[in-house]
Structure formats: C-alpha cells, structure tokens
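To keep things clear, I will list the structure first and then write my remarks on it.
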Amino acid sequence: MIIDGKQIAQTIRGELREQIAALRAEGKRAPKLAVVLVGHNPASETYVANKLKACAEVGIKAEKIAYDEYTTEQTLLNEIHRLNNDDSIDGFIVQLPLPAHINELTILSAIDYRKDVDGLTPENVGRTVQGLPSIVSATPRGIRELLARYGIPTEGKHVVVIGRSNIVGKPIAMLLMQRPYLSLPGMSAASLGDATVTVCHSKTQDLASICRTADIIIVAAGSPNLVTASMVKPGATVIDVGINRIDDPASPRGYRLVGDVDFEHVAPVAGFITPVPGGVGPMTIVSLMQNTIQAYHEYTR
Ligand code: BQF
C-alpha cells in the first residue's frame, strides 16, 4: 500500500486552518513564522516557497528574510538575535544548507530554543533525547505522523535507519526507540516508540543483510536506488526520505525528483511504502507549521 503523504498533509493543513480560525475568532493574533534564506540555492528557494505557500493556506503569517551568499556569519547572528527578541514572531528557521563559509552549528546554537521551530538547536535536541517537552525536527515529526495515521505500530519492531544526519537519521532513531510515555505532548504519534533501532550509514558493512531483518526501513541517505527489492523483507514498511534531482529533459523543469528507494521494484514487496514526491516531503512542511503553532501556544505570551 502506498502511503499518501500529500493527502495526509492536506488533511492536517485543513485541521490547522480550523485551529487558527478558532484562535482568531477568540480575538487572538495569528501565529507568525520567519524564514531566513542565505544565497540562491535553487532547491532551497523551492523549499522556502513551499513553506510560505503552506503557511498562507492555513493562516500562519510568514515572512521571508533573504541574504546574499556572501553574507557573513556575524550579520546572520545579528539577524538571529533580532528575531529572538521580536515579540511578533513565534518561530523562525534558517534554511539549510548554509554557504560553506558559515558554521551551521554556530548559527543554530544562537537560535532561542523557544523559537526553534526546526527543532535543531542543541537545547531542543538534548531535550528530545531526555524525553522532555521539546520541539522535534520537522522531518522526524512528519514520519511519526505518517506511521501513526496509517496505524503502523513500532513497539518491539526492528527499525533500520539509513543515514545519520542531525536533521533526520539521528532524531528519528532516537524518537522511535524511546519509551512512548516519555514522548512529546501534542502529537497524534504519542504512542510510537519502543522499537529496536539500528542506524546504518556509509561505512556500514553488509547493509543489505541488516535491511532484510527490518520491519521498518527509514532511508535518508541522498542516494538514488540505494534500497532495492532484495533488501526488503516482504510486508515491511519503507519510508523514503531521499529527495534527489535527476536530470530529465522530458520533464517541464528539466529534472525530476526521485527518492533513495528503487520504488518500482520495492513497492510490490513492501507492506507500506512512501513515494517521492508526495510522501515524506509534504509532511515535513506540515510539521514546520505544527511546530510554529506549538511555539505560539507554549512559549508566546
Ligand atoms: C514532495 C530538504 C534536503 C535538504 C534540505 C514536498 C518538499 C519536498 C518534497 C520540501 C527538504 C525536503 C526541505 C515534496 C523541504 C522537503 O512533494 O515530495 C515538499 O519542501 N521539503 C527543506 O526545507 O530542506 C531540505 C531536503
């Protein structure tokens, strides 16, 4: 069965729109998100546009703050301090990746964790690890939401995560292995957890054998066709987080998106599988909006 992330994301956007309309009807202000974009990476520009459009649809105010690619770390830090102290803004993100001359961790560490709606500050990551209330990184939050809404349990299951990034691999591994009662408020995915998690990466030996023992494979490696049919146990769930641009002169934009899974051959073997596009990607956007509303309720007076 194909997991329709686009459909679920649309349903959740409808729920968020109603929540915000109800707030407004009580005379409260709308939540507000700011997005800081540095440089002109075409993929990043698309992602930011997706975020602004989705915010407009649900009634979250959104502001794009653009800097050119030669912007210094100090200029960016000044902007972050300004946003930290701007009471009209509930949350903000710095779109990644940043240009090479800017230290990502320096920038992320400067964000007030109460406004860190990407959940990437050391404070939020640490709180997530400790099972404390926190803002969870958008893509892992979206993956949990998909598993929950499709009724895919994780208790006692073997989850194989491929990829060890701070954005996806590490946090999703952490969340799915946790005791559910330690997990985070305000999530429909609150009962997920209790999995046995194996994290694989570029130096893992015999990835295929490890994957064949998985009940759930979550791949965020950035490598087209990394997961093939022979690596998937029949009936297993396959969550494809990869977003790879493949040149395709026949496509309107000159490229098309593929994930990290050989979808055509894996789909007939898998019990559940997410497509690319239309799987995890739209959920990442929705999670950012959920995080913004969470920050509004928990941290804004
Ligand atoms: C879809 C991202 C890698 C590095 C930085 C919908 C998005 C993508 C695909 C999107 C991503 C990927 C985002 C689809 C945001 C997800 O229909 O399949 C939405 O906008 N994403 C990002 O902000 O930074 C990234 C991937």
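The values are calculated or read from the model by the stated rules, or taken from the named source; none is laboratory data. Everything numeric here is computed off the predicted structure, so don't read it as measured data. Note that we place each Cβ from the backbone using ideal geometry, even for glycine, and neighbour counts take in every protein chain shown. Remember, those area values only see protein heavy atoms, side chains included, never the ligands or the DNA or RNA. Shrake-Rupley method; radii C 1.70, N 1.55, O 1.52, S 1.80 Å.
The number of residues in the range 289-301 that are surrounded by fewer than 21 Cβ atoms within 10 Å (Cβ to Cβ) and at pLDDT 95 or above comes to 1. Summed over the range 199-231, residues that are within 20 Å of Ser165 (Cβ to Cβ), in contact with an Asp or Glu (Cβ under 6 Å, 6 or more places away or on another chain) and outside any strand (DSSP E or B) total 4.
Please tell me if Val286 is hydrophobic (A, V, I, L, M, F, W, C), away from the ligand (no atom under 16 Å from the Cβ) and surrounded by 15 or more Cβ atoms within 10 Å (Cβ to Cβ). So Val286 fails the test. Count of the range 120-133 residues, restricted to those that are away from the ligand (no atom under 13 Å from the Cβ) and either crowded, with 23+ Cβ neighbours inside 10 Å or in a helix (DSSP H, G or I) (or both), is 8. Thr75 meets each of the listed conditions (1) away from the ligand (no atom under 15 Å from the Cβ); (2) polar (S, T, N, Q); (3) open to solvent by less than 30 Å² (accessible area, probe 1.4 Å) apart from (3). Total residues in the range 208-249 satisfying the condition of being over 21 Å from Ile3 (Cβ atoms) and either without any contact (Cβ under 8 Å) to a residue 12 or more places away in the chain or of a type in the set (A, V, I, L, M, F, W, C) (or both): the figure is 7. For the range 232-279, filtering for residues that are more than 14 Å from the ligand (Cβ to nearest atom), surrounded by 17 or more Cβ atoms within 10 Å (Cβ to Cβ), assigned to a loop (DSSP other than H, G, I, E, B) and within 23 Å of the chain's Cα centre (by Cα) leaves 4.
Just one of the numbered conditions (1) within 16 Å of the ligand (Cβ to nearest atom); (2) crowded, with 16+ Cβ neighbours inside 10 Å is not true of Ala56: (2).
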